[in-house]
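Reviewing the structure listed below.
What follows is calculated from the coordinates using simple rules that are stated; it is not laboratory data. Note that the structure is a prediction, hence the values are computed from the model and not measured. Counting neighbours? That spans all protein chains shown, and the Cβs are built from the backbone with ideal geometry, glycine included.
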Amino acid sequence: MKYIDRISRAAELYRAGKLEPYAVNGRQSIYIQAICRNPGISQDELAKKLFVNKSNVARKAAVLEESGLITRRTGETDKRRLELYPTGKAQDLLPVIRAAVEQYNEIVCEGLGEGEREQLLALLKQLSLKAAQAAGGGEAAD
């Protein structure tokens, strides 16, 4: 697991470098992707999906809202529920984030054959599901 952790931390640093011109860091990019994929997701649901504390989501959401990347709205049926929506600015940034992720994936998988890449992805998905179950979160996020 320490190697997976290293890869994840290096990915965050790589994304931060690529996204610096947009005033977005590597961790924020994960939140932006999840909110763009799930418009209207609640802060609680996002915390579960990303395996982070609710307080972390609240802090990150506040920063993203101040940056004009998301809006937070009170739920229609449950006024305690804060729903997160991407702004046009976040939607415009999404291809840049995806490109940075893809570039990083290409760098770390360089030298692996297609079969090895497919096998690695299948194994990582399997580990991710088991990790999510162990954490009590059910199914892992994409």
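Here are some residues: V63, V24, V57. Which one is more than 30 Å from E118 (Cβ to Cβ) and not in a helix (DSSP H, G or I)?
Within the list V63, V24, V57, the selection yields V24.
Among the residues of segment 83-142, count how many are within 17 Å of L46 (Cα to Cα), part of a helix (DSSP H, G or I) and in contact (Cβ under 8 Å) with a residue 60 or more places away in the chain.
1
What single numbered condition from (1) closer than 26 Å to K130 by Cα; (2) among the aliphatic types (A, V, I, L, M); (3) free of Cβ contacts under 8 Å to residues at least 60 places away in the same chain fails to hold for A34?
Just one mismatch for A34, condition (3).
If you go through segment 97-105 one residue at a time, do you hit one that is farther than 18 Å from A16 by Cβ and touching a helix residue (DSSP H, G or I) at 6+ places or on another chain (Cβ under 8 Å)?
no
Working only within segment 4-22, note down all residues that are surrounded by fewer than 16 Cβ atoms within 10 Å (Cβ to Cβ) and hydroxyl-bearing (S, T, Y).
Passing the criteria: only S8.
Which condition number does T71 fail, the rest of (1) surrounded by fewer than 19 Cβ atoms within 10 Å (Cβ to Cβ); (2) part of a helix (DSSP H, G or I); (3) hydroxyl-bearing (S, T, Y) being met?
Condition not satisfied by T71: (2).
Show the residue pairs meeting these rules: Cβ distance below 8 Å; 6+ apart or different chains; first residue within segment 45-56 and touching a residue at least 40 places away in the same chain (Cβ under 8 Å) and crowded, with 19+ Cβ neighbours inside 10 Å; second residue assigned to a helix (DSSP H, G or I) and among the small types (G, A, S).
K49/A34
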